[in-house]
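Encoded as structure tokens, the structure appears first; notes follow it.
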Amino acid sequence: MYILGINAYHGGASACLIQDGKLIAAVEEERFNRTKYWAGFPVQAIRYVLSVAGITPYEVDHIGISRDPKANLLQAALFAFRQRPSLDLVRDRLQNTMKVGTLKNEFAKHMGVGELKAQYHNVEHHRAHMASAFFVSPFTDAAILSVDGAGDFVTTMWGTGKDNQISVQDEINFPHSLGIFYTAVSQWLGFPKYGDEGKVMGLAPYGEPRYVDLMRKIVRVQRDGTFDLDLDYFVHHAEGASMSWEGGEPTIGTIFSSKLVDVLGEPRAPRTELTQKHMDIAHSLQAMLEEAEFALVRRLQKDTGKQALCLAGGVALNSVFNGKVLPNTEFEDIYIQPASGDAGTALGVCYYIYHQVLNQPRAYVMNDAYTGPEYGNDAIRAELDRYGLKYQQLETDQLVKKAAEVVAGGNVMGWFQGRMEWGPRALGNRSIIADPRRDDMKDILNARIKHREKFRPFAPSILLEATGDYFDQMYPDPFMIKVYNVLPEKRKEIPAVTHVDGTGRLQTVQKEHAPLYWSLIHAFGELTGTPVVLNTSFNENEPIVQSPAEAIDCFVRTHMDALAIGNYFTAKG
């Protein structure tokens with residue numbers, strides 16, 4: 001049985017294919033068309049996942065999309081009646097709703113196919129999020145929380161998962177949204193692009209919580225653990241922020257109102273000076289998000305009594321909060337799949353259909369994120385020759401030894417191996433690797449390759465078995481989706497991956513699930529005594545590289561020193 005899940009006409013368009021409950025492939029459309037967070041219909045992603053299985057659309061049994069226009073119709077209608085939103089907002093929403101509501105026609109149009117045997121499913125947005133977290137987790141019994149901007153008129157949903165079924169307990173409806181709150185203040189801070197919220201999270205540690213009292217007026221945490229917004233600070237519910245989901249990079253118009261400007265002052269223009277005030281507001285924003293989300297998590301634990309928690313939704317990419325859950329709540333286990341944002345709903349659609357709808361037994365745990373395209377040595381060598389590069393072909397153990405020596409020597413190395421990662425993080429298959437012991441490495445990477453804001457941290461990849469030697473928590477984090485404290489005595493040893501507040505957004509690497517990357521870090525540790533490398537995504541202000549041509553092009557046009565790609569090694573100079 002083949003099930004195809006799709007996220008379309010929403011940020012992070014993507015596709016996922018499962019066969020009899022086992023994941024075949026999952027990938028975002030942006031990796032093919034090279035436009036970050038691309039938001040149209042994911043034609044190339046669909047073609048790819050089908051090609052991995054060696055099938056055509058005519059052999060797929062079920063096709064689903066992570067939107068259901070029929071969900072929450074009454075709440076949406078009552079809201080519209082009370083608010084009387086602008087005609088532009090109504091038109092935009094109707095156009096988007098019509099597309100996701102006619103999945104059969106849209107699929108046929110974009111994929112160029114006729115009548116298919118497949119059954120079509122519209123899966124409510126947050127149920128797809130919840131399914132994406134629980135059904136691929138190692139847990140058979142867990143609490144589930146989904147938090148994002150909005151989808152199908154819901155911004156927050158929670159419940160439980162037991163074996164092959166999830167049960168929704170409650171939800172918070174649009175326009176009250178932690179995701180929209182975070183986006184609005186990020187816009188005021190001069191970070192208006194889709195996905196910029198992660199930058200603001202990185203800026204927050206430079207500030208102090210001087211504006212938390214104001215934030216508590218904007219987000220009002222209730223005694224029952226829920227929240228609402230003071231809508232006077234926003235316009236998304238009335239005038240309606242213009243949003244583009246038709247194709248290309250998604251755009252969101254200004255969400256904050258003049259009242260926010262009245263209390264905070266004039267918004268910062270993008271790419272202008274960041275003052276201490278901006279840093280303090282970023283810190284206060286992050287603190288408010290954590291306060292509201294902790295209230296939800298603690299209510300969920302109290303109501304359900306579960307020991308395990310699954311998180312999903314765009315807000316579940318807030319790794320600072322994620323890393324604080326286990327030390328600060330009664331939960332003992334946590335799982336967040338690597339593409340917890342909207343791209344991950346394609347995964348959720350597949351497993352919602354397989355388990356919730358078809359009542360099939362659990363069959364898969366997502367232990368690694370390597371679900372995308374891979375390339376053999378012949379294809380890689382052809383691209384190296386096309387670029388006229390000199391290279392060595394090495395056995396795997398020789399390649400690992402050479403790469404570790406190069407990085408230990410202070411060089412910056414591209415590392416392109418195996419299947420591409422699922423989600424926004426490079427996890428050792430499409431990575432740029434550097435020495436975390438060098439205090440100047442962060443500046444070197446920014447000046448020579450990444451060209452990004454200086455305040456943004458770089459991440460450590462560490463052998464799972466060494467995690468407790470460097471961090472205050474030992475709980476595995478294979479998807480680089482939690483921030484832990486670096487032990488004070490280790491901060492001088494790995495300064496390039498230690499943020500200003502003494503933390504690191506780590507990836508724990510387990511030999512069983514990432515053997516080649518584990519071998520590289522292990523070899524580096526044998527050479528240096530430090531079983532940690534700096535890992536950043538293999539790209540330069542673009543989606544993470546997908547193909548050998550993209551990797552080689554990035555290597556050639558930047559000041560990267562070396563490239564290990566497949567079994568080939570090449571270096572400059």
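Using alpha carbons only, the radius of gyration of the range 128-207 set against its Kirkwood radius gives Rg/Rh = 1.08. Solvent-accessible surface of the chain, taken per residue with a 1.4 Å probe and all protein chains present: 38 Å².
Please give the calculated 222 nm ellipticity per residue for the chain, where each DSSP H segment of at least 4 residues contributes -39500 (n - 2.57) and the sum is spread over every residue; nearest 500 deg cm²/dmol? Write down the numbers at each step before the final one.
Details: 20 runs with 192 residues, N = 573.
Using -39500 (n - 2.57) per qualifying helix, the result is -9500 deg cm²/dmol.
Taking all protein chains as they are arranged and a probe of 1.4 Å, the heavy atoms of T528 leave approximately 40 Å² accessible to solvent.
From the protein chains alone at 1.4 Å, what is the descending order of accessible area for S519, S319, largest first? Mind showing how you got there, number by number?
On the way: S519 40, S319 0 Å².
Descending accessible area places them as S519, S319.
For the peptides 176-182, 358-364, the ranking by mean Cβ contacts within 10 Å, running from highest to lowest, is 176-182, 358-364.
Each of A133, L520, T56 was placed along the dipole of the chain (beta-carbon charges, centred on the mean Cα), and the one lying farthest toward the positive end is T56. Straight Cα distances below 17 angstrom link K442 to the aspartates and glutamates E453, E493, D501, E540, D561, with same-chain residues fewer than 8 positions distant left out.
Just subtract the alpha-carbon distance of R220 and Q165 from 0.36 nm times their residue separation and send over the number in nm, one decimal.
Computed gain between R220 and Q165 is 16.6 nm.
Take each peptide in 505-513, 52-60, 39-47, count the other Cβ atoms within 10 Å of every residue, and average; sorted highest first, the result is 39-47, 505-513, 52-60.
A full extension of the chain between D385 and R452 corresponds to an added length of 21.0 nm, given 0.36 nm per residue minus the alpha carbon distance. Only residues of the range 12-26 count here: report those whose backbone N is under 18 Å from the spot 7 Å along Cα→Cβ of M111, or say none. Label zone hits: 13-26.
Can you give the % of DSSP beta bridges in the chain that are antiparallel, to the nearest 5? Each step should come with its number before you reach the end.
Numbers: 58 of 80 bridges.
Here the antiparallel bridges make up roughly 70 percent for the chain.
Pairs exceeding 19 Å between alpha-carbon atoms, taken from K490/K511; K36/K199; K22/K109: K490/K511; K22/K109.
Can you compute the charge dipole magnitude of the range 431-509 about its Cα centre, using +1 on each Lys and Arg Cβ and -1 on each Asp and Glu Cβ, nothing else charged? Give it in debye, rounded to the nearest 20. Mind dumping the intermediate values first?
Numbers: 13 positive and 12 negative charges, 82 e Å.
It comes to approximately 400 debye.
From the alpha carbon centroid of the range 367-434 to that of the range 259-328 is 35 Å.
Tell me the GluC sites (Glu not before Pro) within the range 97-189 that lie in a loop according to DSSP and have at most 13 other beta-carbon atoms within 10 Å. Each step should come with its number before you reach the end.
On the way: sites: E106, E115, E124, E171; in loops: E115, E124.
Of the GluC sites (Glu not before Pro), the ones in loops of the range 97-189 whose Cβ has at most 13 other Cβ atoms within 10 Å are E115.
What trypsin sites (Lys or Arg not before Pro) does the range 453-500 have in DSSP loop regions with at most 11 other beta carbons within 10 Å?
Details: sites: K454, K482, K490, R491, K492; in loops: K454, R491, K492.
Filter output for the range 453-500: K454, K492.
At q = 0.07, 0.08, 0.10, 0.11 Å⁻¹, work out log10 I(q)/I(0) for the chain with the Debye formula, treating every Cα as an identical point scatterer and leaving solvent out; two decimals please. Taken in order of the listed q values, log10 I(q)/I(0) reads -0.39, -0.52, -0.83, -1.02. Distance from the alpha carbon centroid of the range 489-555 to that of the range 126-189 works out to 30 angstrom.
Just going by the charge dipole of the chain, with Lys and Arg at +1 and Asp and Glu at -1 on Cβ, which of I281, G409, L347 is farthest out on the positive end? The one lying farthest along the dipole's positive direction is I281.
Less than 5 angstrom separates the built amide H of Y375 from those of G418, all sequence-distant by 5 or more or on a different chain.
Of the trypsin sites (Lys or Arg not before Pro) in the range 266-296, the ones in a loop by DSSP (not H, G, I, E or B) with at most 16 other beta carbons within 10 Å are R271. Taking a sphere under 14 Å around the Cβ of L534 and counting the other residues whose Cβ falls inside, with K and R at +1 and D and E at -1, yields a net charge of +2.
The values are calculated or read from the model by the stated rules, or taken from the named source; none is laboratory data. A quick note: this is a predicted structure, and the numbers were derived from the prediction, not measured. Here Cβ is always computed from backbone atoms with ideal geometry, including for glycine, and neighbour counts include all displayed protein chains. Just the protein is used for accessible areas: all its heavy atoms, side chains included, with ligands, DNA and RNA removed. Shrake-Rupley method; radii C 1.70, N 1.55, O 1.52, S 1.80 Å.
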